[in-house]
Every structure is written in C-alpha cells, then in structure tokens.
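Notes to accompany the following structure.
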Amino acid sequence: MKEFRIHGRGGQGSVAAAYLLAAAAFEAGFTCQAFPAFGAERRGAPVTAFVRIDKAPIHLRSQVHSPDFLIVQDATLLHDPALTAGLKDGGGMLVNSTRASEDVAKEFGCKAICLPATELAMEEIGRPIPNTALLAGFLTLTDLLPQEALAAALKDRFKGDVLQKNLSLIARAADAVPHGIWKEAEDA
C-alpha cells in the first residue's frame, strides 16, 4: 500500500486533489481511499488530505501517519516543523514553490522537488489553484499512475473549457519535473 499526505490551505483544492488522485488510481485499477482533515472551515486555514492506494482492499481507517510522499500546495506551510513528521525513509516531498529544490531538500533532510504550480495554474486556467499541476508533477516523478488516469479523472470532474485548460495545465506540469526519479522509492 502507498500512502500520501497533501498539505495546503483552504481554497487551494487540497481535498479535491486527494479525490482526484484517488479517482486516477481507481481508473488505473487500484483500490483507493481519500479523505480530509481540517479544523475551521475557512479559506486560508491549514488543510490536510490523505490518500491510500493499493492493489488489494484497504481496511485501514485512520489518518496517514507515515506517508510515502508529501504534496505541499502552499510554501508558507514549510515553516511548520512537523510538516515532514512520519515521512518514510526514501520518501519525497513535492512543493508548490519557486525555491530551489536542493534548498528545500537540505532544509528538511528528504528528497524534495519544487514546482511553481500556482504560476502554471495562473497561466493555464487563470486561477491560483495548484492542485492539478501538482498531481501531474507527482505522477511524473513517481510513475505511480499514468497521466492518462489523471486525465480521465479530470474528465469525470470537469467539462468544456475548464477541462481543456486543466488538461493543458497537467501536460505543462508533467514536463516541468524530472520523469521517474522517485520511481525507485515508489517501487520499494
């Protein structure tokens, strides 16, 4: 089983990202879970969402305490010293940031890749919602699921111009990160 934790702020699509990742996993033939955890339901408040993916049925019903990977949708959350708590050895963190990946990796002592997902989203969809760009980047880094599975999940959620803009966004995001460099950790 692979487990993921998505950190963001209300309004950035963290919960939607979890559901889209699970839907993409389902499209690719996996069993999956996706669920959020948040306090005050307001825009800008910290939000955490969890995803589990496995080929077998998933019976675990708790939050993800030891994720294989983290997706951080808001770089201001990097100030939280508990952000990487429980991250498995060899795991990685994809961060929505323009910072140098090497600096974030050194600061947190784990593999890290930074992707300017908000900038890409503004250019492609005209809104500062980084979730689909980060998912495409994550899938490219890990080779966990094919991009076509994410595209199929998007087609179930969006239509028309919004869908086309998101498909363009995921293509750009996938091209913006190294292909398969976290596959070894995903295979472990």
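If R0 is 35 Å, what FRET efficiency do you get for V162 and A75 from their C-beta distance, rounded to 0.05? So, using R0 = 35 Å, E works out to roughly 0.85.
Using just its DSSP H runs of length 4 or more, each adding -39500 (n - 2.57), the chain gives a mean residue ellipticity at 222 nm of -12000 deg cm²/dmol after division by all residues. Distance from the alpha carbon centroid of the stretch 3-39 to that of the stretch 100-142 works out to 16 angstrom. Extension gain, T31 to R99: 0.36 nm times the residue separation minus the Cα-Cα distance gives 21.0 nm.
Across the options G92, P57, L150, the greatest Cα extent toward the positive end of the charge dipole of the stretch 2-187 (unit charges at beta carbon of Lys, Arg, Asp, Glu) belongs to P57.
Counting charges near L154 (Lys, Arg +1; Asp, Glu -1) among other residues having Cβ under 11 Å from its Cβ returns a value of +1.
If the segment from I181 to H65 were pulled out straight at 0.36 nm per residue, it would be longer than the present Cα-Cα gap by 39.4 nm.
Look at the alpha carbon pairs under 8 Å that are at least 6 residues apart: their mean separation over the length of the stretch 2-187 gives a relative contact order of 21 percent. Start at zero, step by 5 Å, and the Cα-Cα distances of the chain spread as 1, 9, 18, 23, 23, 16, 8, 2, 0 percent across the bins.
FYI, it's all coordinate maths here, none of it is from the lab. Bear in mind that the values here come from a model prediction, so they are computed numbers and not experimental data. No Cβ is skipped: glycine too gets one built from the backbone with ideal geometry, and neighbour counts run over all protein chains shown.
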